[in-house]
1. Mind running the shape call on the stretch 44-86? Use the C-alpha gyration tensor, a ≥ b ≥ c as the square roots of the eigenvalues: rounded below 1.5 for a/c, prolate if a/b tops b/c, oblate otherwise.
2. Need one word for the stretch 65-142: rounded, prolate or oblate. Basis is the Cα gyration tensor (sqrt eigenvalues a ≥ b ≥ c); a/c below 1.5 gives rounded, then a/b vs b/c decides.
3. For the stretch 6-54 and the stretch 57-103, compute the distance between their C-alpha centroids and round to whole Å.
4. If amide H atoms are built 1.01 Å from N in the plane of the peptide, which residues on other chains or at least 5 residues away come under 5 Å of the amide H of Arg131?
5. Near the amide H of Ser151, under 5 Å away, which other amide H atoms are found, from residues 5 or more places off or on another chain, if H is placed in the peptide plane?
6. Could you tell me whether the stretch 1-96 comes out rounded, prolate or oblate from its Cα gyration tensor? Rule is a ≥ b ≥ c as square roots of the eigenvalues, rounded for a/c under 1.5, then prolate if a/b exceeds b/c, otherwise oblate.
7. Non-local amide H neighbours of Arg11 (under 5 Å, H modeled in plane, Pro and chain starts lacking H): which ones?
8. Round to the nearest 10 and report in Å² the accessible area of Ile77, as given by a 1.4 Å probe over the protein chains' heavy atoms.
Amino acid sequence: MNPSSEPGGGRSSYLSFMLAGEEYAVGLLRVREIIEYRPVTRVPGMPAAVQGVINLRGSVVPVVDLAVKFGLPPRPITRWSCFVIVEVALDGQQTVLGLLTDTVREVLELGPDEIEPPPAFGTRVRLEFLRGMGRHNDAFILLLDLDRLLSLEELLKLTAASEEAPSAAPSQPAAAPPAPEASGNG
């Protein structure tokens, strides 16, 4: 069942937001609230895409920078930057996460005829993270599948990648110097 479907209406509601000049959207029923940007507490050992945590009325909420998750550099914080607080299923448990966005745009109503399958190429987002492409005002909006995009498996891949990155860089230069040492002067 589509988590953003209206009962019996056939149309789905989405919250759209901008990120690095592209418009994305998530199912509206997954969104708990939108809050203005506030300082994030960094947590050592977290992957680069997980900025840290924020305090939301006494609850610890991890913050994911989708730009970094999509392989982009971190976005500058502006007066329009905000967190979209969403619920995702992590390891069978409903978990609250914050998504850092450049700006929130609007609530969209899309019918099945306004949603196309994602293209096989040409987006920064892996196909399995997309529900489809929503047609709205002569433009396409990438509809994200939050449960796949922010799954425990994906977050663990990010952690493993961030742990491998520092060790991979020293191992390559370490492999290069032995050849010159073997030829004489080192």
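1. Details: a/c = 2.16, a/b = 1.25, b/c = 1.73.
Here the stretch 44-86 falls in the oblate category.
2. Values: a/c = 1.43, a/b = 1.25, b/c = 1.14.
It is rounded, given that a/c, with a ≥ b ≥ c, falls under 1.5.
3. 5
4. Residues meeting the criterion, in which the H sits 1.01 Å from N, are Leu143, Leu144, Asp145.
5. none
6. Working: a/c = 1.85, a/b = 1.43, b/c = 1.30.
Prolate is the answer for the stretch 1-96, as a/c is 1.5 or above and a/b outweighs b/c.
7. It is Glu6, by chain and number.
8. 80
The values are calculated or read from the model by the stated rules, or taken from the named source; none is laboratory data. It should be emphasised that the depicted structure is a prediction, and the values quoted were computed from it without experimental measurement. Glycine gets a Cβ as well: all are built from the backbone with ideal geometry, and neighbour counts include every protein chain shown. Keep in mind that these areas ignore ligands, DNA and RNA; they rest on the heavy atoms of the full protein, side chains included. Shrake-Rupley method; radii C 1.70, N 1.55, O 1.52, S 1.80 Å.
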